[in-house]
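Let me begin by presenting the structure, written as structure tokens, before commenting on it.
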Amino acid sequence: QVKLQQSGAELVKPGASVKLSCKTSGYTFSTSYMSWFKQIPGQSIEWIGMIYAGDGGTGYNQKFKGKATLTVDTSSSTAYMDLSSLTTEDSAVYFCARDGSTPYGWFAYWGQGTLVTVSS
Amino acid sequence: DIQMTQSPASLSASLGETISIECLASEGISSYLAWYQQKPGKSPQLLIYGANSLQAGVPSRFSGSGSGTQYSLKISSMQPEDEGDYFCQQSYKFPYTFGAGTKLELK
């Protein structure tokens, strides 16, 4: 079965960077798209961007350009998201979610989420 | 960006009651519309995709409808396990955008 296992909670200082991971199994990683999302607890969900694991091609929400960088490691079927120059406004739960080989933009498979807390 | 206006913000329903949640897109989205349920501390669960297709494993009391800019999610008989937050999401244009959510509670 399809599984997306995200890395653990992070407590980081303002101005620092953090790299989140999303390790996948149960499907062909290299021919699928992966998206990342941000959700501040109690609020709605924002789409950060997507990456095609086959060639590493990316597309970003303009709001997160310069903030988030998406990469993949096909050898370990893992997707990564780097968040840079963190501020308290970046404190949120971040999810990865798998799209299909054709990115219709509907997400049936999600990671469990990684809580990022930015605090001095 | 396409704005998704979701209503109501909160809803309290009795056991067995039929409820509807609405989503209005700021422009036509050609049925590129999904509905998710989210419970506290959990990931979103896909209920409906393509405006009216039921995701595998989702109970048949959930249904979706709509076209153009107006879409709705219906729960035909409220059950205790249906409590949670519900979000609509468009994937017609980048960036994908979500509604603000509807909190559904059992009365």
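Just so it is clear, none of the values below were taken in a lab; they were calculated from the coordinates. Quick caveat, the model's predicted, so the values are computed rather than measured. Neighbour counts are summed over all protein chains in view; Cβ atoms, including those assigned to glycine, are modelled from backbone coordinates with ideal geometry.
Points worth noting:
- Computed E for residue B:9/residue B:70 - FRET, C-beta separation, R0 30 angstrom, nearest 0.05: 0.95
- Expressed as a whole percent, the proportion of Cα-Cα pairs in chain A lying more than 26 Å apart is 14%.
- Hypothetical label at residue B:39: residues of segment B:50-83 whose amide nitrogen lies under 11 Å (7 Å Cα-Cβ projection): B:80-83
- Sites residue A:63 and residue B:81 - FRET efficiency at Förster radius 45 Å, r taken between beta-carbons, to 0.05: 0.85
- The protein assembly as shown - Kirkwood radius from inverse mean 1/r over Cα pairs (Å): 18.0 Å
- For chain A, built as a Gaussian network whose Cα springs stay under 10 Å, the top-fluctuating residue of A:42, A:54, A:15: A:42
- Legend: calculated FRET efficiency, residue B:20 to residue A:30, from the Cβ-Cβ distance at R0 = 41 Å, rounded to 0.05, equals 0.50.
- For segment B:43-94, projected area of the alpha-carbon convex hull averaged over all directions, nm²: 4.3 nm²
- Test item: B:44-50 mean partner chain Cβ contacts at 10 Å: 4
- Using a Gaussian network model of chain A in which every pair of alpha carbons under 10 angstrom is joined by a spring, one finds that among A:106, A:36, A:47 the greatest mean-square fluctuation is at A:106.
- Simple label model, 7 Å out from Cα along Cβ direction - residue A:73 to residue A:11, nm: 2.6 nm
- Whole-Hz Karplus values for segment A:105-120 come out as x, 10, 10, 8, 10, 10, x, 7, x, 10, 7, 10, 10, 9, 7, 7 Hz, taken residue by residue from phi with 6.51 cos²θ - 1.76 cosθ + 1.60 and θ = phi - 60°; glycine and proline positions read x.
- The count of lysine pairs in the protein assembly as shown whose Cα atoms are under 21 Å apart, excluding pairs fewer than 8 places apart on the same chain, comes to 29.
- Full-stretch length increase - residue B:1, residue B:60 - with 0.36 nm per residue and alpha-carbon distance subtracted: 18.0 nm
- Residues whose amide H lies under 5 Å from that of residue B:106, counting only those 5 or more places away or on a different chain, are B:13; hydrogens are built 1.01 Å from N in the peptide plane.
- Result for chain B in a Gaussian network model with C-alpha springs under 10 Å: among B:93, B:74, B:39, the largest mean-square fluctuation is at B:93.
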